[in-house]
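Chemist: Below is the structure I would like to discuss, written out as structure tokens.
Read the figures in this text as sums done on the coordinates, not as results from a lab. Computed from a prediction, not measured in an experiment: that's the story for all the values here. We place every Cβ from the backbone using ideal geometry, glycine too, and count neighbours over all the protein chains shown.
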Amino acid sequence: MFKPNILVVDDERFFTSLIADILKESYHISIANNGFEALDKLKKGSIDLILLDILMPDMDGYETCKQIKLSERGHDIPVIFLTIKNEIEDELHGFSLGAVDYITKPISPPIVKARVATHIALAKAHEQLRQHTLELELLVAERTVELTREITEKQKAYEKLHYLANYDPLTQLPNRNLFNERLAYAYKLAKRNNSSFFSYY
């Protein structure tokens, strides 16, 4: 059975162990004890979601989230902040950095499971939509090339038929069909302008 990979980032080892125990039945759990370690694990492995503490030494959760979102591998990974902070300004700042949700400490196991499951499902749906969009764009591009080729071939065929109908194949000179066509056009033009014309042949 496929299990998504969750990275838990917190400098408190007791807390990372607690999160791992809550989620281990449904997910593969990786642990990082600071922001630098989290960025290193991101480079080396496949991560589907990150649970990230805010209050950490050296590099706090905000800066870690910023670096994750600036990286090619981490740009689309959902980040959920773990924090004792519950001020609106703190949450808004986290969202502005690319976080998708907040879980406040002390944590509730059912809440942790529900939030993680929700954002894993949303990320999966987003990826499926992205793949579907890419496939549609590819189909449109391929069909555009086909239509362009068909139009070009039809245009060339029309030009060839027009040439064969109006030019002598041996002398390459205009034939009577072309003369009659241009004569008819000149007649219509003269009639429209209420004028006369002369033809010599």
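Chemist: Got a sec? Which residues in segment 107-143 would a label at Ile151 touch, if it sits 7 Å along Cα→Cβ and we count backbone N under 20 Å?
Modeler: Within reach of a label on Ile151: 137-143.
Chemist: Per the helix-only calculation at 222 nm, which mean residue ellipticity applies to the chain, given -39500 (n - 2.57) for every DSSP H run of n ≥ 4 and division by its residues, nearest 500 deg cm²/dmol?
Modeler: Per the formula, -19500 deg cm²/dmol.
Chemist: Too long at a 21 Å Cα-Cα cut-off: which of Lys41/Lys69; Lys3/Lys105; Lys24/Lys85; Lys66/Lys113; Lys3/Lys41; Lys85/Lys124?
Modeler: Pairs exceeding 21 Å: Lys3/Lys105; Lys24/Lys85; Lys66/Lys113; Lys85/Lys124.
Chemist: Which Cα, out of Cys65, Asn86, Leu122, lies furthest along the positive dipole direction of segment 5-132 (beta carbon charges, K/R +1, D/E -1)?
Modeler: Farthest towards the positive end: Leu122.
Chemist: Can you give me the Kirkwood hydrodynamic radius for the chain, using every pair of distinct Cα atoms, in Å to one decimal? It would help to have the intermediate numbers written out before the result.
Modeler: Values: mean 1/r = 0.0446 Å⁻¹.
Across the chain, the inverse of the average 1/r is 22.4 Å.
Chemist: Something else: From Cα pairs below 8 angstrom and at least 6 apart in sequence, can you work out the relative contact order of segment 51-201, rounded to a whole percent?
Modeler: 13
Chemist: Here is a follow-up. Please work out the Cα center distance from segment 118-136 to segment 1-16, rounded to the nearest Å.
Modeler: Here the answer is 23 Å between Cα centres.
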